[in-house]
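So the structure is just underneath, and the comments pick up after that.
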Amino acid sequence: MKISYYPGCTLKTKAKELDVTARLCATALGVEMEEIENWQCCGAVYPTGTDEIATKLSAVRALDYAKHHGGKLLTLCSACHNVIKRTNEDMKADGDICFRANNYLKLDAPYKGETEVLHYLEMLKNVVGFDNIKKAVVNPINRKVGAYYGCLLLRPSGVMAFDNPENPTIIEDFIKAIGGTPVTYPFRNECCGAYVSLKNAELPKQKSRKVLTSAKEKGAEEVITACPLCLYNLQVNGDNILPVKYFTELLAEALGVKA
Amino acid sequence: MTKTERIENLNRLSGTDVRKCMKCGKCSGRCPAFKEMDIKPHQFVSMLGQGKIDELLACNAIWNCLSCMACVERCPRGVAPAAVVEAVRDTVVRAQGANGIKAEDIPPIVDEYIPQQLLVSAYRKYNK
Ligand code: SF4
Ligand code: SF4
Ligand code: SF4
Ligand code: SF4
């Protein structure tokens, strides 16, 4: 099965491991990720200002491309997923934004939110199936792993519809499928401190330490994430309390595929 | 612009109806940046409702909001405090010469691991 894929700028640079391991695992699981053509950075943060249009056009272009290439758009970085999914909702439900974006873009046919945005974790769960992943595992992860959701996959849940925003389970189910023991801890859906290091270097340090301390107290030996910024904050601002990896790195380990 | 026009513009830009707030404080109770905010999330909502926008436009909290959407998620009345914070921040940084970060601020924080995502996010949030 082929699926249009939006990698995003960070996955081509500092977060190459996330992109590379995800592609190898997808191939091993029978999914071919086809990188869309001429994508641009999505801007990393969804702008809530109701008059923001230009900042959403990159997402709309990617969505429109995917509309004509299979109808689904696969994302991997949590931030890209958040921006693209929320922009897609605007194109579907906000007539004003939809009109103004289309008025500018002059596409062959107006884009109205037809594409289905799918995060890689949703693809694993709903397209491949965790049972099939379990069958494909050759090196079970016999460790206690804490899932770190952060904010962007879950919130706002009305639009993201990813999982229960207060008590998510998809990454824990993923950990079970690859033979690990999931550790649930209270700070798994609390913010790591995001981008504010430019304004307040202390805040991401406090937040990231809190997340990792909470995971460690509950017995986690390592933590996994889908977001390059979460990974950075937890690793660099989190005092090495626990090792932090991309979830796809553990998947690659379990499936025995090597980069 | 008159004050009424400026208040109207903030309401429109936020896209949220601050009159629906019932002052329960759940948004601030969940805010991970609470201690760092000189004006708390629930106050953004109530102060915009009362038209106290000069205080809002001068606050420091707009730089510490993490856009984590926890306040939006928890509000039982469907208000989006984070969107009020962003409307205030947008209004501040859209003024000529009022960008929150300058190119010179970047090199000191860059280390070999910093993801592009952090810089792109910060530029999008703090600058126009
Ligand atoms: S969210 Fe990140 S990685 Fe994704 S495209 Fe945008 S900035 Fe780049
Ligand atoms: S936890 Fe931090 S980097 Fe991760 S999603 Fe939230 S703000 Fe972003
Ligand atoms: S979005 Fe901002 S105001 Fe709302 S809870 Fe998060 S940090 Fe606090
Ligand atoms: S949670 Fe909602 S209703 Fe409660 S104070 Fe905040 S904005 Fe108002």
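Of note:
- By the Cβ distance rule of under 4.7 Å, chain B has these cysteines without a partner: B:21, B:24, B:31, B:59, B:65, B:75.
- Cα-based reach from residue A:12 at 19 Å (exclusive), listing aspartates and glutamates while leaving out same-chain residues under 8 positions away: A:32, A:34, A:35, A:37, A:249, B:111, B:112
- Ordering of A:150-161, A:95-106, B:95-106 by burial proxy (mean other Cβ atoms within 10 Å per residue, highest first): A:150-161, A:95-106, B:95-106
- In terms of its alpha-carbon gyration tensor, segment A:1-118 comes out prolate; a/c meets the 1.5 threshold, and the first ratio a/b outweighs b/c.
- By average C-beta atoms within 10 angstrom, highest first, the peptides A:245-253, A:77-85, A:165-173: A:77-85, A:245-253, A:165-173
- Listed residue (A:58, A:87, A:119) projecting farthest to the positive dipole end of segment A:1-140, Cβ model: A:119
- Karplus-derived 3J(HN,Hα), 6.51/-1.76/1.60, for each residue of segment B:107-121, Hz, glycine and proline x: x, x, 9, 6, 10, 6, 9, 4, x, 3, 3, 5, 5, 4, 4
- Positive dipole terminus of the protein assembly as shown, leading residue within B:24, A:170, A:157 (C-beta point charges): B:24
- Straight-distance crosslink candidates among lysines, where the alpha carbon sits under 23 Å from residue B:40 and sequence neighbours closer than 8 are dropped: A:199, A:205, A:207, A:210, B:3, B:20, B:23, B:26, B:52, B:125
- Ranking of A:64, A:108 by neighbouring Cβ atoms within 10 Å, starting from the fewest: A:108, A:64.
- Relative contact order (percent, whole number), segment A:2-121, Cα cutoff 8 Å, 6+ residue spacing: 29
- Across segment A:175-184, rounded Karplus estimates of 3J(HN,Hα) from the backbone phi angles (6.51 cos²θ - 1.76 cosθ + 1.60, θ = phi - 60°) give 4, 4, 4, 9, x, x, 10, x, 10, 8 Hz, Gly and Pro being marked x.
- Long-range amide H partners of residue A:14 with built H, under 5 Å: B:116
- Rg/Rh for chain A (Cα atoms only, Rh after Kirkwood) is 0.97.
- What you get for segment A:34-135, charging only the Cβ of Lys and Arg (+1) and of Asp and Glu (-1), is a dipole of about 240 debye around the Cα centre.
- Between the C-alpha center of segment B:51-126 and that of segment A:106-134 there is a gap of 30 Å.
- Other protein chain C-beta atoms within 10 Å of residue C-beta, averaged over A:39-47: 4.
- Dipole magnitude of chain A, debye to nearest 20 (Cβ charges: Lys/Arg +1, Asp/Glu -1, about Cα centre): 460
- Theoretical FRET efficiency, 1/(1+(r/R0)^6), r = Cβ-Cβ of residue A:221 and residue B:96, R0 45 Å, to 0.05: 0.30
- Set of lysines with alpha-carbon distance to residue A:112 below 24 Å, sequence-local pairs under 8 removed: A:2, A:56, A:67, A:72, A:85, A:92
- Applying a 4.7 Å Cβ-Cβ cutoff to chain A leaves A:25, A:42, A:98, A:192 as cysteine residues with no disulfide-compatible partner.
- Counting every other Cβ atom within 10 Å of each residue's Cβ, B:68, B:21 order from fewest to most as B:21, B:68.
- Measuring nothing but how far apart in sequence close Cα pairs (under 8 Å, 6+ apart) lie, relative to its length, chain B scores a relative contact order of 26 percent.
- With the simple model of a label 7 Å out from the Cα in the direction of the Cβ, residue A:144 to residue A:38 spans 5.2 nm.
- Cut-off under 5 Å, modelled amide H: who pairs with residue A:5 long-range: A:34, A:35, A:36, A:74
- Cβ-based charge dipole, segment B:24-82, positive-most Cα from B:45, B:63, B:79: B:79
- Distances between placed amide hydrogens fall under 5 Å for residue B:16 paired with no residue 5 or more residues away or on another chain.
- Radius 13 Å from Cβ of residue A:125, net charge of other residues (Lys, Arg +1; Asp, Glu -1): -3
- Global geometry of segment A:85-177, whether rounded, prolate or oblate, following the gyration tensor of its Cα atoms and the 1.5 cut on a/c: prolate
- For segment A:133-255, size of Cβ-based charge dipole, Lys and Arg +1, Asp and Glu -1, in debye: 80
- Shape call, chain B: gyration tensor on alpha carbons, a/c limit 1.5: oblate
The numbers here are math on the coordinates, done by the rules we state, and not lab data. Everything numeric here is computed off the predicted structure, so don't read it as measured data. With ideal geometry, Cβ positions are generated from the backbone for all residues, glycine too; neighbour counts draw on all protein chains shown.
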